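Let me begin by presenting the structure, written as structure tokens, before commenting on it.
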Amino acid sequence: MGPERGLEQSGTLERGLAVLEHVGRHQEISTNAIARQLGLSRSAAYRIVGTLKNLEYLEADQVTGRVRLGTRLVELGARAMAATDLHRCAPRYLASLAERSGETTYLAVPDNDTMVYVATERSASAVTLACRLGTRRPQHATSLGKAWLAALPEADRAERVRRMKLDPLTLKTISDPHRLLDELAKTSRRGWAIDEVENEPDVGCVAAAVRDHSGRPIAAISIAGPAPRVLRRLDELGASVAGTAAALSLRLGYVRGRPA
């Protein structure tokens, strides 16, 4: 049994993870064999396997009863791979977009009701902006957040907006949920979002969502700069950021038209 000896005295989480790893190594295995090889009692092994099956982390062969890794783990693994690919691939897309737009570009990921800025690139002519990596901004007040929200299924989008706290950050911030939902519907049809001085005074932005292989929005990219420069080029910059987001999504395995 090696390092697995004594697992019976470990916590529930440790035993559950040990079972998952053991099944992953063997591809298919009976619950009795799991108990024997990991040094678990049969009752503990059946209880852990039953819980993991209910949560879809394991599934059982209908003929042999042996268990294997389930669809939930496959989904989590794909998401982890997409996140890794996202951070590895995004910088070159951001750099190209910054060069073409002459502004600053950002990559942000969702965290509860905020977007967290995780990467940025600047063109030689870009104006220095206050937003730094690790900064969190409310989704309702940023083009990044609105792009991500607009890419959600409509019911999910409405449910999130209903429970969000829509604090005004500037005089232009949309703080009424009905207006925000209307704006998100327009954003969904258009393919890119606008921040018209809603997050910071004098700063304008456009953004589009990045999707993973399943079509789920996992991030957003934006072009940001002085409001007069960005807002007079909305159509041009919006199309550019949408095209870049689509290219990055394709790199992550998303095929346009696949349901989110």
Single unsatisfied condition, E103 versus (1) open to solvent by 20 Å² or more (accessible area, probe 1.4 Å); (2) in contact with a Pro (Cβ under 9 Å, 6 or more places away or on another chain): (1)
Residue selected from the range 165-194 under the condition assigned to a helix (DSSP H, G or I) and among the basic types (K, R), by the criterion least open to solvent (accessible area, probe 1.4 Å): R190
Test for L231: is it among the hydrophobic types (A, V, I, L, M, F, W, C), within 18 Å of K186 (Cα to Cα) and surrounded by 24 or more Cβ atoms within 10 Å (Cβ to Cβ): no
The listed residue being within 26 Å of L252 (Cβ to Cβ), in the same structural domain as S123 (by the TED database), touching a Ser or Thr at 6+ places or on another chain (Cβ under 6 Å) and open to solvent by less than 60 Å² (accessible area, probe 1.4 Å), out of A151, A207: A207
Residue check, V161 open to solvent by less than 60 Å² (accessible area, probe 1.4 Å) and not in a helix (DSSP H, G or I): no
Yes/no for L252 being of a type outside the set (F, W, Y), closer than 16 Å to L144 by Cβ and either surrounded by 14 or more Cβ atoms within 10 Å (Cβ to Cβ) or in contact (Cβ under 8 Å) with a residue 40 or more places away in the chain (or both): no
Hits in the range 52-70 (condition: within 21 Å of L13 (Cα to Cα), of a type outside the set (A, V, I, L, M, F, W, C) and assigned to a loop (DSSP other than H, G, I, E, B)): E56, Y57, G70
Test: residue in the range 175-196 that is assigned by the TED database to the domain that holds R100, within 25 Å of C89 (Cβ to Cβ) and without any contact (Cβ under 8 Å) to a residue 40 or more places away in the chain: yes
Selection count, the range 207-249, where residues are under 18 Å from L86 (Cα atoms) and in contact (Cβ under 8 Å) with a residue 24 or more places away in the chain: 25
Sole exception among (1) on the phi > 0 side of the Ramachandran plot; (2) open to solvent by 20 Å² or more (accessible area, probe 1.4 Å) for G215, by number: (2)
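The values are calculated or read from the model by the stated rules, or taken from the named source; none is laboratory data. Just so it is clear, the structure is predicted and the values come from calculations on it, not from any experiment. All Cβ positions, glycine included, derive from the backbone under ideal geometry; neighbour counts span all protein chains shown. Only protein heavy atoms, including side chains, enter the accessible area calculation; ligands, DNA and RNA are left aside. Shrake-Rupley method; radii C 1.70, N 1.55, O 1.52, S 1.80 Å.
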